Amino acid sequence: MAAAPDRVHLKLTVNGEAQPVSFAPYKTLLEVLREDLGLTGTKHGCELGECGACTVLVDGAPVLSCLTLALECEGRRIETIEGLARGTELHPLQAAFADLGGSQCGYCTPGVIMTAKALLDGNLNVSREEIKAETAGNLCRCTGYLQIAEAIERAASELRGEGK
């Protein structure tokens, strides 16, 4: 029986750019993003898939990067919080979170924003109940969730062209 390789070499498409990377085959997507690609916006939380702090988008769908092997992501489109802003212009979700206090300590914020982005990419006319249901896997210890829902609603409004 052949031994498993010590390192795998592949290209991951992260935030629209092909990234050659070499890593141990057992590493999670979270570990590769943070440790090998230097994208530290995605947070280590519980590392058990229960808090949502590590949420990124893979092919447009929210995934818990702490439970996803990086090997599984070759040939797929990965989006992280670092890929949302366009130069110095924040994504409407980022701006709304900043304006409305949707983040306090900020630890959960990247995961919540990425979850919300997937939601709004599919439906800009979301209800408060849909927002609550879709973000239920993202735990926050600081805001009490009201500001998070309000920020997502504002971003949806802006993305619909209704302004602030």
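Here are the numbers:
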{"item": "Qualifying residue in the range 7-24 (condition: under 28 Å from residue 141 (Cα atoms) and of a type in the set (Asp, Glu))", "result": "no"}
{"item": "Filtered residue count, the range 24-57, keeping only those that are over 16 Å from residue 107 (Cα atoms) and buried (at least 17 other Cβ atoms within 10 Å of the Cβ)", "result": "8"}
{"item": "Breaking point among (1) surrounded by 17 or more Cβ atoms within 10 Å (Cβ to Cβ); (2) modelled with pLDDT of 95 or more; (3) assigned to a loop (DSSP other than H, G, I, E, B), for residue 140", "result": "(2)"}
{"item": "Enumeration of residues in the range 1-54 that are among the basic types (Lys, Arg) and under 20 Å from the mean Cα position of the chain (by Cα)", "result": "11, 27, 34, 43"}
{"item": "Close pairs (9 angstrom Cβ cut-off, 6 or more residues apart or separate chains): small (Gly, Ala, Ser) in the range 66-86, in a helix (DSSP H, G or I) anywhere", "result": "70/29; 70/30; 70/31; 70/32; 70/33; 70/36; 85/94"}
{"item": "All positions within the range 6-48 that are among the charged types (D, E, K, R) and either in a strand (DSSP E or B) or over 14 Å from residue 72 (Cα atoms) (or both)", "result": "6, 7, 11, 17, 34, 35, 36, 43, 47"}
{"item": "Pairs, first over 12 Å from residue 52 (Cα atoms) and at pLDDT below 90 in the range 101-118, second crowded, with 18+ Cβ neighbours inside 10 Å and of a type in the set (A, V, I, L, M, F, W, C), C-beta under 7 Å, six or more apart", "result": "103/97"}
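The values are calculated or read from the model by the stated rules, or taken from the named source; none is laboratory data. From a predicted model like this one, the values you see are computed outputs, not experimental measurements. Cβ sites come from the backbone with ideal geometry, for glycine too, and all protein chains shown count toward neighbours.
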